[in-house]
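Visitor: Once you've had a glance at the structure underneath, I'll fire off some questions.
The values are calculated or read from the model by the stated rules, or taken from the named source; none is laboratory data. Fair warning: this is a prediction, and the values are worked out from it, not measured in the lab. All Cβ positions, even for glycine, are placed from backbone atoms using ideal geometry, and neighbour counts span all protein chains on display.
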Amino acid sequence: MARVFLTGATGFVGSFVAQQLVEQQHEVTCLVRATSNLRWIQDLPVRLVRGSLFQPETYREPLQEAEYVFHVAGVTKGLRVQDFYRGNVETTRYLLQTIVETGIPLRRFLLVSSQAAVGPSPSRELVDEAYPCRPITDYGRSKLEAEKLVRTYQDRVPVTIVRPPAVYGPRDTDILNFFKNLKAGFNLTVGKVDQWLSLVYVEDLARGILQAGFAENSSGRTYFLCEDRAYFWSQVSRVATDILGKSVRTIHVPYGVAYLVASILELVGKISKRPTILNRQKMKEIRQPYWGISNLRARKELGYRTNFPLEEGIRRTIEWYGKMGWL
């Protein structure tokens, strides 16, 4: 049993990490904001510390008891460029500075980064962790900066970085509209690009995060955590449509029209101060044909395997949405 300090535990991915840590009988301390919704972790036997990553005094004491730090918290949506750097880079800086200043003898600091830090791939050939990083969005650039920051501490703190691709599964709200549209009988596609992309089901990702964090040989290493293969988005749509048992009409939206809609939604988000997942930066990602990555290093070094291939993962997601009344 290990003592783990976890950030982001109330979020989509972090809540599954917390759940699996508990299932493996680790002692878990979760840093949560005063305003955080605890619905996904309220029944877990974890210690809750109310505070903010920007206020080390709120978590310095419980952090000193940790053997492992799993830093899952991050910002995926923002109104300004600064929001991404504040939420992904500065939070990481505060956490690492506190660890070093207090002299905590950590066994591992694990950062959950993103494929966005690397950017799109050049072809259908799956790229590995040695591929040059060329992020195309503010989110991706902020994640890459967080990775660079973490590596500047690796002579003082044993660090590991994981990069998931697009994540789906129960509790996720970002991809929910895709399933709602299919259930309503239509499938919106943007432009003429049928994206080739890597995916990971959230429970497979959470398990991989634990494997990377606890492995003795993972210090200083970076890992892609994803399925063994990539898919065309049309394949994903077809699998979901078959599971829903719906007759679906595909509606092709010209890229220019979609970009205009995304621009309007972005403006509305700024006015309402509520960032939206569909914006001009997201359109940059949608236009890229290839987002394929290889999990070969994780399989070889960590023994990483995914238990939920696409069809099973989509089925479990749809069933959960239905059970919760979301779909």
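Visitor: Is it the case that region 80-88 has a residue that's touching a Gly at 6+ places or on another chain (Cβ under 7 Å), touching a residue at least 12 places away in the same chain (Cβ under 8 Å) and of a type in the set (Gly, Ala, Ser)?
Guide: The answer is yes, given that some residue of region 80-88 is touching a Gly at 6+ places or on another chain (Cβ under 7 Å), touching a residue at least 12 places away in the same chain (Cβ under 8 Å) and of a type in the set (Gly, Ala, Ser).
Visitor: Is it the case that some residue within region 158-177 is farther than 26 Å from residue 15 by Cβ, surrounded by 14 or more Cβ atoms within 10 Å (Cβ to Cβ) and modelled with pLDDT under 95? Spell out how you get there, then give the answer.
Guide: Step one: list which residues in region 158-177 are farther than 26 Å from residue 15 by Cβ, which gives none.
No: region 158-177 contains no residue that is farther than 26 Å from residue 15 by Cβ, surrounded by 14 or more Cβ atoms within 10 Å (Cβ to Cβ) and modelled with pLDDT under 95.
Visitor: Those residues that are buried (at least 17 other Cβ atoms within 10 Å of the Cβ) and in contact with a Leu (Cβ under 7 Å, 6 or more places away or on another chain), I need them from region 178-197; list them, please.
Guide: 179, 182, 183
Visitor: Mind listing whichever residues of region 150-184 are over 22 Å from residue 73 (Cα atoms) and out of contact with any helix residue (DSSP H, G or I) (no Cβ under 7 Å at 6 or more places or on another chain)?
Guide: Those that are over 22 Å from residue 73 (Cα atoms) and out of contact with any helix residue (DSSP H, G or I) (no Cβ under 7 Å at 6 or more places or on another chain): 155, 177, 178, 180, 181, 184.
Visitor: Please go through region 104-127 and give me each residue that is surrounded by fewer than 18 Cβ atoms within 10 Å (Cβ to Cβ), touching a residue at least 60 places away in the same chain (Cβ under 8 Å) and either out of contact with any strand residue (DSSP E or B) (no Cβ under 7 Å at 6 or more places or on another chain) or of a type in the set (A, V, I, L, M) (or both), ordered by number.
Guide: Result: 125, single match.
Visitor: Sticking with this one: Residues in region 263-283: is at least one among the basic types (Lys, Arg) and touching an Asp or Glu at 6+ places or on another chain (Cβ under 7 Å)?
Guide: Narrowing region 263-283 to residues among the basic types (Lys, Arg): 270, 273-274, 280, 282.
Of the ones still in play, those that are also touching an Asp or Glu at 6+ places or on another chain (Cβ under 7 Å) are 280.
Scanning region 263-283 turns up at least one residue that is among the basic types (Lys, Arg) and touching an Asp or Glu at 6+ places or on another chain (Cβ under 7 Å).
Visitor: Continuing with this model, one more query. Could you name every one of the strands (runs of 3 or more DSSP E) located completely within region 143-218 that has at least 2 residues being among the β-branched types (Val, Ile, Thr)?
Guide: 159-163, 186-190
Visitor: I've got another one for you. Answer yes if at least one residue in region 117-125 is assigned to a helix (DSSP H, G or I), in contact with an Asp or Glu (Cβ under 8 Å, 6 or more places away or on another chain) and closer than 30 Å to residue 59 by Cβ, and no otherwise.
Guide: Yes, region 117-125 has at least one match.
Every residue, every condition in (1) in contact with a Pro (Cβ under 7 Å, 6 or more places away or on another chain); (2) closer than 18 Å to residue 24 by Cα; (3) at pLDDT below 95, yes or no:
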position: 40; (1), (2), (3): no, yes, no
position: 44; (1), (2), (3): no, yes, no
position: 75; (1), (2), (3): no, no, yes
position: 78; (1), (2), (3): yes, no, yes
position: 81; (1), (2), (3): no, no, yes
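Visitor: Turning to a different aspect of this structure: Applying the selection to region 245-284, what residues are among the small types (Gly, Ala, Ser) and either farther than 24 Å from residue 116 by Cα or without any contact (Cβ under 8 Å) to a residue 60 or more places away in the chain (or both)?
Guide: 245, 247, 256, 262, 263, 272
Visitor: Okay, moving on. Restricting the search to region 57-85, which residues are assigned to a helix (DSSP H, G or I) and either out of contact with any Lys or Arg (no Cβ under 9 Å at 6 or more places or on another chain) or of a type outside the set (D, E, K, R) (or both)?
Guide: 57, 58, 60, 61, 62, 63, 81, 82, 84, 85
Visitor: If a residue must be more than 30 Å from residue 204 (Cα to Cα) and of a type in the set (Ser, Thr, Tyr), how many such residues does region 253-302 contain?
Guide: 4
Visitor: Scanning for something outside any strand (DSSP E or B) and free of Cβ contacts under 8 Å to residues at least 40 places away in the same chain, does region 13-22 turn up at least one residue?
Guide: Yes: region 13-22 contains one or more residues that are outside any strand (DSSP E or B) and free of Cβ contacts under 8 Å to residues at least 40 places away in the same chain.
Visitor: I would also like to ask the following. Pick from 33, 47: which is of a type in the set (Lys, Arg), surrounded by fewer than 20 Cβ atoms within 10 Å (Cβ to Cβ), within 12 Å of residue 7 (Cβ to Cβ) and free of Cβ contacts under 8 Å to residues at least 40 places away in the same chain?
Guide: Answer to the selection: 33.
Visitor: Another question about this same structure. Condition first: out of contact with any helix residue (DSSP H, G or I) (no Cβ under 7 Å at 6 or more places or on another chain), polar (S, T, N, Q) and surrounded by fewer than 19 Cβ atoms within 10 Å (Cβ to Cβ). Now tell me which residues in region 272-324 satisfy that.
Guide: 272, 288 - these are the residues of region 272-324 that are out of contact with any helix residue (DSSP H, G or I) (no Cβ under 7 Å at 6 or more places or on another chain), polar (S, T, N, Q) and surrounded by fewer than 19 Cβ atoms within 10 Å (Cβ to Cβ).
Visitor: Right, something else. Filter region 103-133 for residues that are more than 22 Å from residue 229 (Cα to Cα) and either modelled with pLDDT under 95 or not aromatic (Phe, Trp, Tyr) (or both) and give the result.
Guide: Matches in region 103-133: 103, 104, 105, 106, 107, 108, 110, 111.
Visitor: I want to confirm something. Restricting to region 224-258 and keeping residues that are over 25 Å from residue 279 (Cβ atoms) and among the hydroxyl-bearing types (Ser, Thr, Tyr), which single residue is surrounded by the most Cβ atoms within 10 Å (Cβ to Cβ)?
Guide: Residue satisfying both the conditions and the ranking: 241.
Visitor: Among the listed residues 224, 232, 308, identify the single one that is farther than 27 Å from residue 40 by Cα and of a type outside the set (A, V, I, L, M). Walk me through it before giving the result.
Guide: On the way: 224 fails: farther than 27 Å from residue 40 by Cα; 308 fails: farther than 27 Å from residue 40 by Cα.
Result of the check over 224, 232, 308: 232.
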